[in-house]
1. Quick one: what pairs do we get from the range B:290-309, first residue in the same structural domain as B:I258 (by TED's automatic domain parsing), second in a loop (DSSP other than H, G, I, E, B) and of a type in the set (A, V, I, L, M), C-beta under 8 Å, 6+ apart or different chains?
2. Quickly run through the range A:171-194 and pick out the residues that are buried (at least 19 other Cβ atoms within 10 Å of the Cβ), more than 7 Å from chain B (Cβ to nearest Cβ) and of a type in the set (D, E, K, R).
3. Of all residues being outside any helix (DSSP H, G or I) and of a type in the set (G, A, S) in the range B:77-132, which is nearest to the other protein chains (Cβ to nearest Cβ)? Just the residue, please.
4. Among the residues of the range A:156-174, is there at least one that is at pLDDT below 90, touching a helix residue (DSSP H, G or I) at 6+ places or on another chain (Cβ under 6 Å) and of a type in the set (G, A, S)?
5. Hand me the list of helices (runs of 4 or more DSSP H) wholly inside the range A:71-159 holding 2 or more residues that are free of Cβ contacts under 8 Å to residues at least 12 places away in the same chain.
6. Exactly one of these conditions fails for B:E53: (1) among the acidic types (D, E); (2) in contact (Cβ under 8 Å) with a residue 40 or more places away in the chain; (3) more than 11 Å from chain A (Cβ to nearest Cβ). Give me its number.
7. (1) within 12 Å of chain A (Cβ to nearest Cβ); (2) surrounded by fewer than 19 Cβ atoms within 10 Å (Cβ to Cβ); (3) not acidic (D, E): which one isn't true of B:M73, the others all being true?
Amino acid sequence: MSGMVEKRGAGYWMTHLGLIIGLLFIFFPIWLAFIASTVSQPEIVKPPMPLLPGDQFFENYRKALVAGVNAPVAKMMLNSMVMALGIAFGKIVISLLSAFAIVYFKFPGRRLFFWLIFLTLMLPVEVRIVPTYEVVANFGMLNSYSGLIFPLIASATATFLFRQFFMTVPDELAEAARVDGARPMRFFWDILLPMSRTNIAALFVILFIYGWNQYLWPLLITTDPSMNTIVMGIKQMFPSGDDIADWPVIMATSILAMIPPVIVVISMQKLFIRGLVDSEK
Amino acid sequence: MATVTLKGITKSFGKTEVIHGIDVDIEDGEFIVIVGPSGCGKSTLLRMVAGLEGVSGGEVQIGGTRVNDLEPMDRDIAMVFQNYALYPHMSVFENMAYGLKIAKTPKAEIAQRVNEAATLLQLEDYLQRRPRELSGGQRQRVAMGRAIVRKPAVFLFDEPLSNLDAKLRVQMRLEIKQLQRRLGVTSLYVTHDQVEAMTLADRMIVMNAGKADQIGAPLEVYANPQTEFVAGFIGSPPMNFLPADLTDAPQGAKTLGIRPEHLRLAASGTQANVIYTEALGAETLVHVALTDGTTATVRQDATVPHPREGETVHLEWDAGDRIFFGSNGARCPR
């Protein structure tokens, strides 16, 4: 009996040891990035690389936020924030409404439209990026927030997700609302929307990170450095030719770029997990 | 409070007609139970009265007005659904108040009406709870409360008790009946359970494959079934159908129907073999097989000694208890 407990105890510690090593392994590069953002340029270049924070923390971050390399990081973060929020909210609103239409209304071509939306799932942004660029350029939306947001706002995945969720909502609920006198949009607002709360939260987290991490699209359509988003901005900071890379500032920017997604995930973690696990019926 | 009239109601899904013309006049305050096996169209009929299904032909009138083209909310009805259909994110109070809120009833009146209904249904202590924190019976009450607060002209019940356990079902059955008596609201109640139909109904509509086979008071339907289907459906255990001696039967008769309680085990008569017996306490059901293989049930008092399995017995009945049906299933006139 005692032997069994001992064995279980050993397994317990081994598991934790494994997890801790794994965590350190993953966390180490981020730690290095953080260290690099707190020391001066000569210190980074001179081996061995320091493993403890230096004294340049405020200096480097101030420099990044205010001046940056091409554009101030504060401006780039604002751009990213607008884009990520715009995409997340836009996608949620549009896919909620289209899923509502597809599930609750009978109209000619309903199936066709659903499958059309579904088909776009199979075409990633990269495949349609040239024609999309053409359209956006013709609308004069290069170097603008609308150009950053609108082409990425239609979402087959989210529509599909909400469709599946709405289909699990019992028909009697819609009928009860009808008997209670709720018109369709009233039913949508009062009943469907509150019931989708956790799903919306889960999607918001995923879509916010999706929008924040967009790289190729902003790279194509923002030529003006003041419209750059932070994720592509980091790449833009890398020197070309003989310029010297300002690694401490680049690393400070990288750390700054990680903060908003982390805040979103942590603050919505509870709702997010509930949204993925159950649908609260 | 209102009368409900159905005139030649039909319903088709595509080319298939599922309801073939139903006529019934329901009086003000009457409790009507629509009963039938699954797939007979009873729920569809109710949903047509509610306005959740379109009417293919005929006319639905509530309080003398044609309502075929009105939305459910404009028909002055309230409905209780089989799975209760409570809004999961709203409290009991909000669930009951929702219809009134949409109708823009003043807040004070909403509160007053909901509290009244809650008192009636013993839900006062649960008003702030969510539906998922309630038991099945309580949810059932909330669903009824939601119907009551709207003070409709007609209550529609769509198998409201079928998700409850047997004991609770009996209890809620009584409560529904008392409530309906107290409020005096015309009610239509759909069920597949013939016991519910017998106990609740002022009159019942027995449906079979989209037709109303018989409309009448429960005991009348029990004593004088108009078709073989009704005879077999109403009553538990069902009526026995014997291919018996038809010499003195009316012309066209094909089957002899006789209720289990009208059969007796006797010293002589039709010979049969006992398959098994069910002692239910107050009564005993003796299941027998006739020589040609037809099975029949005899219901006898528990005080009468019952035969053992495999024993050969004789069946006997009074001529006056016989009911004859023709080859089309319809009752033969005496």
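The values are calculated or read from the model by the stated rules, or taken from the named source; none is laboratory data. Quantities reported herein were computed from a predicted structural model and do not represent experimental measurements. Note that we place each Cβ from the backbone using ideal geometry, even for glycine, and neighbour counts take in every protein chain shown.
1. Short answer, once both residue conditions are applied: B:A296/B:L263; B:T297/B:L263; B:V298/B:L263; B:R299/B:L263; B:D301/B:A282; B:A302/B:L280; B:A302/B:A282.
2. Across the range A:171-194, the qualifying residue is only A:D190.
3. Applying the filter and picking the extreme gives B:A85.
4. yes
5. A:73-104, A:110-120, A:129-138
6. So the condition that B:E53 fails would be (3).
7. Just one mismatch for B:M73, condition (2).
Condition check ((1) surrounded by fewer than 18 Cβ atoms within 10 Å (Cβ to Cβ); (2) not polar (S, T, N, Q)) across all residues:
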site	(1), (2)
A:W13	yes, yes
A:L32	yes, yes
A:S37	no, no
A:M49	yes, yes
A:L52	yes, yes
A:K75	no, yes
A:L78	yes, yes
A:A84	no, yes
